[in-house]
Amino acid sequence: MMLLVLQQVKMKTQCHQDLREMSYTNKISKKLYNQLKKKLNTYSEQYHTYDAPTVSDEEFDRLYSQLKDIETNNPSFIADDSPTQRVGAKVHGGFSKVKHIVPMMSLSNAVNHTDFSSFYKRVNEDAGLMNTKLFAEPKFDGLAICITYQNGEFVSAVTRGDGRVGEDVTSNIKTIKSLPLKLNGTEVPKKLIIVAEVFVFIKDFNMLNKQLEKLDKKTFANPRNFAAGTVRQLDPTICYKRNLQIYIHGIMDIDESYRDSNHSEAMRRLKRFGLNICEHNKKINNESDALEFYNFMNNKRDSLPYEIDGIVYKVDDYALREIIGKTNKAPKWSIAYKFKSLEMRTYLKDVTFQVGRTGIITPVAELDPVNIGGVKVSRASLHNFDEIQKKDICIGDYVFVKRAGDVIPEVDRVDKTKRKNVSKITIPKKCPSCRSSIKRVSTQSIFRCENEYGCMPQIIQSISHFSSRKAMNINGLGESIIISLVENKLIRDYADLFSLKKSDLLKLERMGELSVKNLIDSLEKAKEPSFDRFIFALGIREVGETLARIIANEFKDIHSFMEAKLVALEDIKDIGPIVAKNIEDFFRKEKNVIKINRLIENGVNIRYLQKSFNKHFENKSFVITGSFKIFPRKKIEEYIINNGAKLSSTVSKKTDFLVCGDKPGSKYEKAKNLNVKILNEDEFIKLL
Ligand code: IVH
């Protein structure tokens, strides 16, 4: 690390010297220009190819503009591999067609283990081996491009097109920052033609789609379309801004003296040239290796910054590839083993409406069942009515349904080409469950049933939430038991749970002696919740576990929490005005107050935090500003709360102390004006 820092310092000082010399003489030598250009290309490679920047962005920008200035004053200096030359002029009259020297093939697919096994068996037979060595690479969801370097310099890039003839997209591919315009090293082949995949990071794809959406423009359906659409832009500036990525996955031609005997060595050579090779690529020794890698990458898939849709396996040995041969479409020595699609098209039969714990009404798509990645899906979330309108979803449409990991499946988009007789989805006028009136709750089309004490799904789910593991943790009280307890009128709400008797429970269907005993035991055990779990269990809108913990730290007991004024709630860090209002509304409803009292009457004994507070802190009000040297800010906040003091975000007359670090904000001036005591970090530690 130290070495790296020293190296950076050395590089920087030398560069500054160069530039000073330049401005002194005003007549810049070509040598100095080349040095600066080389430095910038190195920095760029470290940043874009190796993800390991060695200079700050500001330093890079500064040097870049120096280079640009020199080029403006000395146009004859401008080198083809100057970083300023990535963005060239617009292409007029469309892209010209180019014939590939060797046709660019496509790949055969495997969609299950059997397909892969028969591929591997055939390869072994053709090769006359037991375990032919393979090379595995992710199948990037992008488009294939053929790139030519001459004497180490980037000269052209052509799309795959129909495999025989593609389009010359040199000006766009040149803008890809991780593609070197000049190969590293002193010895480079005269001719190098490589095949690469051009793709986009998911974050960049989402960002542009959001921008397009705001402008009411058509968005890209998937990252592949994004990459393909971008590579075909006539103005290279657009391509430059969209931040495309590249991985090299093959060599089409290279000088004979540079030829390796296998693909893995060839890829290593390309890497030494500074070309971007995927770090996940792996050598495979046998079938079980291949499957292990497939499973490993399938699990990793969601955490990668780009999309992949399978694994490409290639025979590693080039001589064996020749023996195995190819069909007129695809090589017989390679296969793309696709991941199970996490998206399927199906028919949208109907839309139903679900009422959630807090009364929110969610439209749900009822689908013709489909198998998505091994899971049968017949319902999917439509989120809310704005979403339905935006995606223009109708009953009778064919829709694409997506699922990712454990996430609830959702309708992604409509297949408009299959639209025939469809009907619009209408917003219900009444609660689909209890038929009482519903209310729009935000500027978005989100609706809520207001009948919280009389609407069955709300009652059931609030009891279910109350007894869940992270709340009161009542073992053995599943949703079906809750439903039968409510339907049999044994309970109306969660406050009735603790007055349940053995004889009541025995009346229920499917509840034998043992399960009744277990449930009574768990109810008994659950009677001593910690204060934070109790707060969470109440089910106050938007008060999750974390907030419940913060509240439990702030208040002495449940009564002081119930009586807290809106301003006092808003003053607590992490509680915004909306949540404060939710809390106030909750306790303003008499039914909720009665419920809490009933819980306590029925034996619920809340365990409060046993705090031994520091006398300098107890009941004092603190505000923090600036950054600190010894403790992270979070730690300081924790000390304040854990010692019985209040932490708020704004300085007022009521503030007792402002803990002030480096670079304080406006709070410092305000505290001075209001005569609030100001503590620096050392003084704060002394007080502790
Ligand atoms: S090798 C031009 N390796 O898959 C043929 N292809 O289905 C290149 N692809 O058109 C075949 N990742 O766009 C190869 N690691 C990889 C790949 C890959 C994605 C794409 C490529 C090709 C398509 C064939």
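The values are calculated or read from the model by the stated rules, or taken from the named source; none is laboratory data. Keep in mind it's a predicted model, so treat the numbers as computed, not measured. Using ideal geometry, Cβ is built from the backbone for each residue, glycine included, and neighbour counts are taken over all protein chains shown. The area values use the complete protein model at the heavy-atom level, side chains included, leaving out ligands, DNA and RNA. Shrake-Rupley method; radii C 1.70, N 1.55, O 1.52, S 1.80 Å.
Some observations on this one:
- Each residue in region 540-563 was checked for being closer than 19 Å to residue 590 by Cβ and open to solvent by less than 20 Å² (accessible area, probe 1.4 Å), and 3 pass.
- Within region 138-153, the set of residues being more than 16 Å from the ligand (Cβ to nearest atom) and in contact with a strand residue (DSSP E or B) (Cβ under 7 Å, 6 or more places away or on another chain) comprises 149, 150, 152, 153.
- Unmet requirement for residue 305, which otherwise passes all of (1) within 23 Å of the chain's Cα centre (by Cα); (2) open to solvent by less than 30 Å² (accessible area, probe 1.4 Å): (2)
Quick grid of which residues meet (1) under 37 Å from the mean Cα position of the chain (by Cα); (2) outside any loop (DSSP other than H, G, I, E, B):
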site	(1), (2)
485	no, yes
504	no, yes
510	no, no
546	yes, yes
553	yes, yes
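- Search result, residues across region 159-174 that are open to solvent by less than 10 Å² (accessible area, probe 1.4 Å), within 15 Å of the ligand (Cβ to nearest atom) and under 34 Å from the mean Cα position of the chain (by Cα): 169, 173
- Filtered residues of region 571-596 (kept if within 21 Å of residue 625 (Cα to Cα) and buried (at least 19 other Cβ atoms within 10 Å of the Cβ)): 571, 572, 575
- Scan of region 381-423 for residues that are part of a helix (DSSP H, G or I) and open to solvent by 70 Å² or more (accessible area, probe 1.4 Å), ordered by number: 389, 390, 416, 417, 418
- Across region 180-219, the qualifying residues are those that are part of a loop (DSSP other than H, G, I, E, B) and within 16 Å of the ligand (Cβ to nearest atom), and the one among them that is least open to solvent (accessible area, probe 1.4 Å) is 200.
- Residue in region 362-374 that is at positive phi and either within 16 Å of the ligand (Cβ to nearest atom) or open to solvent by 20 Å² or more (accessible area, probe 1.4 Å) (or both) present: yes
- Test: residue in region 90-110 that is in contact with a Leu (Cβ under 7 Å, 6 or more places away or on another chain) and either within 16 Å of the ligand (Cβ to nearest atom) or open to solvent by 60 Å² or more (accessible area, probe 1.4 Å) (or both): yes
- Against the list (1) open to solvent by 20 Å² or more (accessible area, probe 1.4 Å); (2) more than 16 Å from the ligand (Cβ to nearest atom); (3) more than 30 Å from residue 260 (Cα to Cα), the condition residue 341 fails is (2).
- Scoring residue 288 on the criteria (1) at pLDDT 95 or above; (2) crowded, with 21+ Cβ neighbours inside 10 Å leaves a single failure, condition (2).
- Meets criteria (open to solvent by less than 30 Å² (accessible area, probe 1.4 Å), under 24 Å from residue 307 (Cβ atoms), in contact (Cβ under 8 Å) with a residue 40 or more places away in the chain and of a type outside the set (A, V, I, L, M)) for residue 140: yes
- All strands (runs of 3 or more DSSP E) inside region 292-378 with 2 or more residues being under 30 Å from residue 436 (Cα atoms), free of Cβ contacts under 8 Å to residues at least 40 places away in the same chain and hydrophobic (A, V, I, L, M, F, W, C): 361-372
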